Amino acid sequence: MASSLTTSGKVGSGSSKKSIIPSSSPLIAPSSGVIASLLAQSSRHLFGPTSQPQLPPKQQVVSIANLTSKLGYLKATEIKDIKKAFHFADEAHLGQYRNSGEPYITHPVAVAELCATWRLDAPSIMAALLHDVIEDTGCSKNDLVDHFGTKVAELVEGLTKLDKLEFQSHAEAQAESFRKMFMAMARDVRVILVKLADRTHNMHTLDAVPSEKRRRVALETIEIYAPIAHRLGLNLVYRDLQDISFRYWMPMRFQAIENAVKKARGNRKEMVEKILLAVRRSFAQAGIDVDLQGREKTLYSIYSKMRTKHLSFSQVLDVYAFRVTVHSIDACYRSLGILHALYKPMPGKFKDYISIPKLNGYQSLHTTLVGPSGVPIEFQIRTDDMHAVAESGVAAHWAYKEGSPELSEVQNRAHQWLQSLLDIQDNSGNSQEFLEHVKIDLFPDAVYVFTPNGQIRGLPRGATALDFAYTIHSDLGNNCVAVKINNLQLPLRTELKNGDIVEVITSTSSQPNPGWLEFVRTGKARASIRHALKTTYYAEALQLGERLLASALRQQGVDAGLLKTEIWEKLLHWTGDKNREEACVNLALGRRSAPELAIRLKILLDEEGGNEQMRLGSGEWSVLDQEPQRQAIMVDGREGMSVSFQSCCHPIPGDDIIGYLGKGVGLQIHTQDCKDAIKMLSKDSDKWVAVEWSPEVNRDFEVDITVDTRQGKGVLARVASSITSADSNIMNVSMDDRYKEDAVAIRFKLQVLNRIHLSKVLRSLRINPDVLRVTRNKSH
């Protein structure tokens, strides 16, 4: 007997946060197929007539007969548990209604029905029924554990948004909710399968939502949920979500393309029948049993192709597409030969995804032929099993077994991708950065390359050799110094092509370069590089902050090394920093003034009776007897990213220098006569610190010079020779006509050790007969 429950409640009482109601217009998008058909059935079954009044009825019976009729693949005990979950959810949502007037429980039941068509296991169906009880009712995770066990409770928790937390913006809240969902789905792929069913039903009942929210939800779906479905091989869901999102995101363009497609169908009918007749005759003569179907592009794919390839509607629709389904892989390749014998193939338009599947496990042969009257015809050739995977991906023939280590190839690929999300999470600074990295990896248009030992690796199209290194391991990418592609040493930014053999050359002393972020393509590479840079930058900033504070304390006559823990705790309470390290980093980043902290520490010491000198020893402080001395920070160019030598004046050892603590940028070194520095000094005098060159400095620094020369053949070569003869390296050369026809100004960026070395370079240039004048550039 079908399970049902009478639901009643006061009008408006306990209303859910969700306000998604069924449309009075047709729910089925042109390409919705099986999913839209299912949702139409559940709409008729659950929502009743679309003319229903907007006020909630006093009494209505909700049945799960349609759901239980789809559960024949489960055991009787599992179906009993699902009915128990339904009754629990119905009671939890009691008094909550959708704006259409229907009980809210109709939505979880519809989601569960869609999960049942994918033949998901009993915990997944139960999670679908319960997926909103934590978020929208007073139910807790512990309640679910008590009634249904830990696994169901964890699935439901993974599907729950973080609306109860406070965030600075909607974007931050959305990103954190997505991060939570991705982490839950990395642990258990069933989380995202239920979530996709939830989003699919919500999208098909989106009409009554305000237009602004409708567009926001549609954009979120097309940017996040549809690509996830594609990445997991759920192509039916992917196409359905794309078209329904397109309908609400760009309603006018959707309507225009929909009308154009309906009009074009009649014009194409005769050509389609002609092609089908010829192809069926060829297969019958060859004795191959095939299922031949025409394929119609989705409305969004038509729009996307028009936009990205700058094609007209007629150019996109001029391509005729068919699918050939056979019983074996051997028959796939035989079918390819038959089609190539019937119609002439287009060069470069054949792809073998059977031998090398796509990243989401998709397998088929793709070929484009020249058909009757020269029209292009696309064929996809696959087996029945490949077709099931192509349509349902990781959900195809789902059989989730407790503790079973056996995974299908598609599920294994999905598992590998989900595990990579954990690596991205570990290396991302916050939820919005994590979401940015994941979005990059959601579009698996792939290129396939090989390791030196013959292993195949798939990367997103446009990926570079450095992306390949990070795909193998983050440490390999961080230590990468060079790559060989097909035995040729090429730059790290080189884009990879299908069939490339890539070898990575590493060095333990190598570190990621901020410039790498400009060309890497994959989310894992970007997250790993940012994480490594932040870690290095933090350590360098901590060291600089400690030096700045020690210098400021010496000016106050205080020995920084002998401050008591209690003094630091009082200081941190005043600054709001979590610990001593964070306070020092904030000093280095210019977020707080070192003299300000030093004065505060001096006050705290005086409050504790620190006017008399204390015995030096472990855990004690002292105020020094001598007069405060202004101590300069010593720099030698090896401080890393926390100290930068500014390009406006290119300071070199021997120059009189000064340091500027810009907010969030660390210590910037300028020459004392730098025009930019003089301007900033007049505005932010409290942010300048005394700096001096360390006696041990021993590295090259960049410097700009301008050389005015006569015009003539070979002048540039002779001038460059004068520079290199003084043991200086030329980094960059630029030229501009400063004088008349007989003179030219050449600007060089050089590497020198110090002012003495620069003087040697300038003397070498001045004795060159081609040189008229040499000047050092100290501002732009």
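Shape class for the range 678-780, computed from the alpha carbon gyration tensor (a ≥ b ≥ c): oblate, with a/c not under 1.5 and a/b at or below b/c. Average accessible surface for the range 489-561: 49 Å² per residue, computed with a 1.4 Å probe over protein heavy atoms with every protein chain in place.
In a DSSP loop and with at most 15 other Cβ atoms within 10 Å, the GluC sites (Glu not before Pro) in the range 656-725 are E696. With a cut-off of 18 Å on the backbone N, the residues of the range 310-351 near the modelled label site 7 Å out from A260 along Cα-Cβ are 310-321. Give the carbon-plus-sulfur fraction of the accessible surface of the range 446-588 in %, rounded to a whole number; probe 1.4 Å, heavy atoms of protein chains only. Carbon and sulfur: 48 percent of the exposed surface of the range 446-588. Largest accessible area first, the listed residues T724, T522 line up as T724, T522 when surface is computed with a 1.4 Å probe on the assembled protein chains. Here the 3J(HN,Hα) profile of the range 371-381, calculated from phi with Karplus coefficients 6.51, -1.76 and 1.60 at θ = phi - 60°, is x, x, 6, x, 6, x, 10, 9, 10, 10, 10 Hz, Gly and Pro shown as x. Estimated at 0.36 nm per residue, the fully extended path between K349 and R253 surpasses their Cα-Cα distance by 31.6 nm.
For I505, the residues whose amide H sits under 5 Å from its own are V481, A482, V483, K484, ignoring neighbours fewer than 5 places away on the same chain, with H placed 1.01 Å from N.
The shape of the range 229-307 comes out oblate: with a ≥ b ≥ c from the C-alpha gyration tensor, a/c is at least 1.5 while a/b does not beat b/c. For the range 260-389, with all protein chains in place and a probe radius of 1.4 Å, 53% of the accessible heavy-atom surface sits on carbon or sulfur.
Calculated accessible area for the range 202-360 comes out at 50 Å² per residue, all protein chains present (probe 1.4 Å; ligands, DNA, RNA ignored). Largest accessible area first, the listed residues S644, S335 line up as S644, S335 when surface is computed with a 1.4 Å probe on the assembled protein chains. Surface composition of the range 71-141: carbon and sulfur atoms hold 52% of the protein heavy-atom accessible area at a 1.4 Å probe. Distance between the 7 Å Cα→Cβ label points at S314 and D330: 4.7 nm.
The values are calculated or read from the model by the stated rules, or taken from the named source; none is laboratory data. No experiment lies behind these values; they were computed from the predicted model shown. Every residue, glycine among them, receives a Cβ derived from its backbone with ideal geometry; neighbour counts consider all protein chains shown. To get the accessible areas, we keep the full protein, side chains included, count just its heavy atoms, and leave off ligands, DNA and RNA. Shrake-Rupley method; radii C 1.70, N 1.55, O 1.52, S 1.80 Å.
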